[in-house]
Amino acid sequence: MVKFGPSGCCDRFLSDHKSVEDIPEWLEAQGLDSFEYAFNKGIFLSDEKASQYREIFEKHGIELTVHGPYFINFANPDDMMAEKSYGYIIKSLQKMRLMGAKKLVFHPGSLTKQTREKAFEVTMDRLKTLVGILDEYGFDDMFICPETMGKHGQIGTVEEVAQMCALDPRIMPTLDFGHINSFTGGTLKTKDDYIEVFKTLEKYIGDRYKNVHIHFSKIMYGPKGELKHLTFEEDNEYGPDFEPLAEALKELGVNATVICESRGSQTDDAIQMKQIFETKI
C-alpha cells in the first residue's frame, strides 16, 4: 500500500485554518491519508495535546509520522553532543507513542571538519549505541528513519543510509528523492534510475527495502547539492519527476508513505502524486 500526504501545513490550509486539530478532517476531504508533524526546532508538544492528536488523526484515518529535531547530529565526535542527540530521539519517540505515530525521520549528521569516511564511521558507532538505548526504553514497535540528504556536507547518501538500516530492523530508510537528485546533480530521470536506488537498499537489507518512508519534492541544486525546495508548478529545470518513481513503486511492489515537501503547495502536490500513482495501478 502507498499512502500520500504533506509535511506540515500548506498555504491553502493556512489561509482559513489555524489549528493542528483541523488538519485530519481537512486532509481526509482532500483524499489524502498521511501527515508528517515536525519537531524540527524542538519538542514543545504537551502530553495532553499529543494524546488529543492521536484521537483526532485516528478518527479520520490519517497516518501520523514525525520529523525529529534538526539539532540531531550523530556524526559529531563530541560525546556530550551525542548524548543530546540520543535525548532528542528518545523524547521524540516518547511523544510519538502518545500521538500514535510509529516512524521518526531524522537527519543523520554533518561532516563538520571531518573527512566523510570518519564522519560516517562516527555516525555508525552512534547508531549502534542508539539501538541499545531503544532496547532499554522498550521501543520495539517504533521505527527510526535516517533520511537521505541533499548537501555534500551531510551524511546520508543512499548507500550510507542503507548501511545504517542494516544495523537493526527498527531502522527504516527515508528516501528523500529530491535530496538524492540534488546530491547527485540530477541523476533521477527514468524508472530504472529509481529502481537502482531500491536495489542499493536491497543489497544491504534484503526484502526490507519494500517497506520505506519517502519524501518527495522538486529541489533546486548547485555544485554542492541542495539549494532550496520548489513547487511542482514552478520547477521546469531541476526535478526530479514523480511519474517514473510511481512506475518503480508499482513494478517493485513497494509499501511506502510518500510525504510531499514542496514549498507552500505540499498538499496540492501530494494530491497530484496520488493521482499519478493511481493511474499506474
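Here, each number is a calculation from the coordinates, and none is a lab measurement. Predicted model only: the values in this text are computed from it and were never measured. Glycine also receives a Cβ, built like all others from the backbone with ideal geometry; neighbour counts cover every protein chain displayed.
Side notes on the structure shown:
- Any hit, segment 42-55, residues being in a helix (DSSP H, G or I), of a type in the set (Phe, Trp, Tyr) and touching a residue at least 12 places away in the same chain (Cβ under 8 Å): yes
- Where Thr190 falls short, out of the listed (1) polar (S, T, N, Q); (2) touching a residue at least 24 places away in the same chain (Cβ under 8 Å); (3) within 17 Å of Pro223 (Cβ to Cβ): (3)
- Qualifying residues in segment 1-30 (those that are assigned to a helix (DSSP H, G or I) and in contact (Cβ under 8 Å) with a residue 60 or more places away in the chain) - the one surrounded by the fewest Cβ atoms within 10 Å (Cβ to Cβ): Asp11
- Residues in segment 130-165 that are surrounded by fewer than 16 Cβ atoms within 10 Å (Cβ to Cβ) and of a type in the set (Gly, Ala, Ser): Gly132, Gly138, Gly153.
- Per the conditions (1) more than 23 Å from Phe198 (Cα to Cα); (2) part of a helix (DSSP H, G or I), the sole criterion not satisfied by Asp140 is (2).
- Selection within segment 183-195 - assigned to a helix (DSSP H, G or I), more than 18 Å from Gly150 (Cβ to Cβ) and not aliphatic (A, V, I, L, M): Lys191, Asp192
- Residue tally, condition closer than 10 Å to Phe232 by Cα and among the hydroxyl-bearing types (Ser, Thr, Tyr), over segment 244-280: 2
- For Gly206: the one exception among (1) surrounded by fewer than 16 Cβ atoms within 10 Å (Cβ to Cβ); (2) within 21 Å of Pro6 (Cα to Cα): (2)
- Conditions (1) assigned to a loop (DSSP other than H, G, I, E, B); (2) more than 21 Å from Glu243 (Cβ to Cβ); (3) touching a helix residue (DSSP H, G or I) at 6+ places or on another chain (Cβ under 9 Å); number of the one not met by Lys113: (3)
- Top-ranked residue in segment 95-117 [being closer than 15 Å to Glu147 by Cα and not aliphatic (A, V, I, L, M); ranked as farthest from the chain's Cα centre (by Cα)]: Ser110
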